[in-house]
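Have a look at the structure below, then the notes.
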Amino acid sequence: MFTATVIVSVVLAGVLTLSAVRKLSHRAEVVSTYVRVGVPEDKLNHLAVILLAGAVGLLAGLAWAPVGVAAAIGLIVYFVAAVGFHIRARDIRNAPTPAVLAVIAVAALVLRLATL
């Protein structure tokens with residue numbers, strides 16, 4: 001079971017890091033996606049920091065479970081909120097990405113709890 005926890009946590013941390021790097025790039029296509037759902041460009045760096053903290057928390061949580069549990073819960077909240085922003089903006093086309101990441105964060109939480 002711990003092997004599955006490691007795999008899910010490491011893969012999710014990698015995806016979060018890539019997403020954070022995209023936000024930090026402030027490329028026009030990235031900015032337009034967030035502005036369309038009501039997130040101003042000046043908040044992208046804040047979102048990137050949250051994602052990087054989540055990635056670090058998942059990885060640190062492999063050594064100390066409470067950190068991994070907290071990180072997974074925080075990521076679930078983050079991605080559920082992201083889905084809500086997409087739905088509110090009627091940007092249904094882009095809502096599946098944070099929805100899938102929320103499900104993966106739930107899997108990370110369940111796996112981490114199962115290995116306590």
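For Cα pairs less than 8 Å apart in space and 6+ apart in sequence, what is the mean separation divided by the residue count of the chain, i.e. the relative contact order in percent? Please report the intermediate quantities before stating the final value.
On the way: 135 pairs, mean separation 36.8, N = 116.
After rounding, I find 32 percent.
Taking every alpha-carbon pair within the chain, the share separated by more than 20 Å comes to 39 percent. Taking every full run of DSSP H in the chain, the ones that stretch at least 20 Å from end to end by Cα along their long axis and average -0.5 or higher on the Kyte-Doolittle scale are 2-25, 44-60, 65-88, 96-114. Tell me which of Ala13, Ile87, Gly61 sits at the most positive position along the dipole axis of the chain, charges placed on C-beta atoms (Lys, Arg +1; Asp, Glu -1). After comparing all options, I get Ile87.
Charged side chains reduced to their Cβ positions (Lys and Arg at +1, Asp and Glu at -1) give region 2-114 a dipole of some 180 debye around its Cα centre.
Readers should treat all values here as calculations from the given coordinates under stated rules, not as data from a laboratory. These numbers come from a predicted model, not from an experiment. So basically every Cβ, Gly included, is an ideal-geometry build from the backbone, and we count neighbours across all protein chains shown.
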